[in-house]
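Taking it in order: structure first as structure tokens, then the write-up.
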């Protein structure tokens, strides 16, 4: 019987669950998109609990946990920046969501999602440079942190124009 787990006893390893954001990164087609979608309910909870500060604090916690978890995941699998590691998308989209206007309508959430995925996939400078030149867990996380910042700036601009 073939297992979807990437290494022996992964289901017992907290780093596996953090790195794959509770397994959402294991969805084979577009794991980054699925990981981003799986981050939205938690982002909504953070936003409801404390607005932008809570989202940014959550992103910081995800960053620190993500560096550790992705380093461990990569050490266990022997692969650099595997697609199943989506904790970086979690931190990045929460940064974009931090730019939501107070009481944001549902369509701002959709715009935030699209903006983050756009910058994460397109990887304009300096995102691509970070993706290519920074190794380990920091390399996994930093490009999505910057993509989240790009998304936040554009979302902020859209919110202030509308």
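Selection of helices (runs of 4 or more DSSP H) fully inside region 32-150 by the criterion of at least 3 residues being at pLDDT 95 or above and buried (at least 22 other Cβ atoms within 10 Å of the Cβ) returns 87-97, 106-122.
When 65, 52, 84 are checked against the criterion of being in contact (Cβ under 8 Å) with a residue 12 or more places away in the chain and closer than 14 Å to residue 144 by Cβ, 65 stands alone in meeting it. If you filter region 1-29 down to residues that are within 13 Å of the chain's Cα centre (by Cα) and part of a loop (DSSP other than H, G, I, E, B), you find that the one that is farthest from residue 84 (Cα to Cα) is 22. Quick check, is residue 159 without any contact (Cβ under 8 Å) to a residue 12 or more places away in the chain, outside any loop (DSSP other than H, G, I, E, B) and surrounded by fewer than 17 Cβ atoms within 10 Å (Cβ to Cβ)? For residue 159, the condition - without any contact (Cβ under 8 Å) to a residue 12 or more places away in the chain, outside any loop (DSSP other than H, G, I, E, B) and surrounded by fewer than 17 Cβ atoms within 10 Å (Cβ to Cβ) - is not met.
The values are calculated or read from the model by the stated rules, or taken from the named source; none is laboratory data. Given the structure is predicted, the values throughout are model-derived calculations rather than measurements. Cβ: placed from backbone, ideal geometry, glycine included. Neighbour counts: every protein chain shown.
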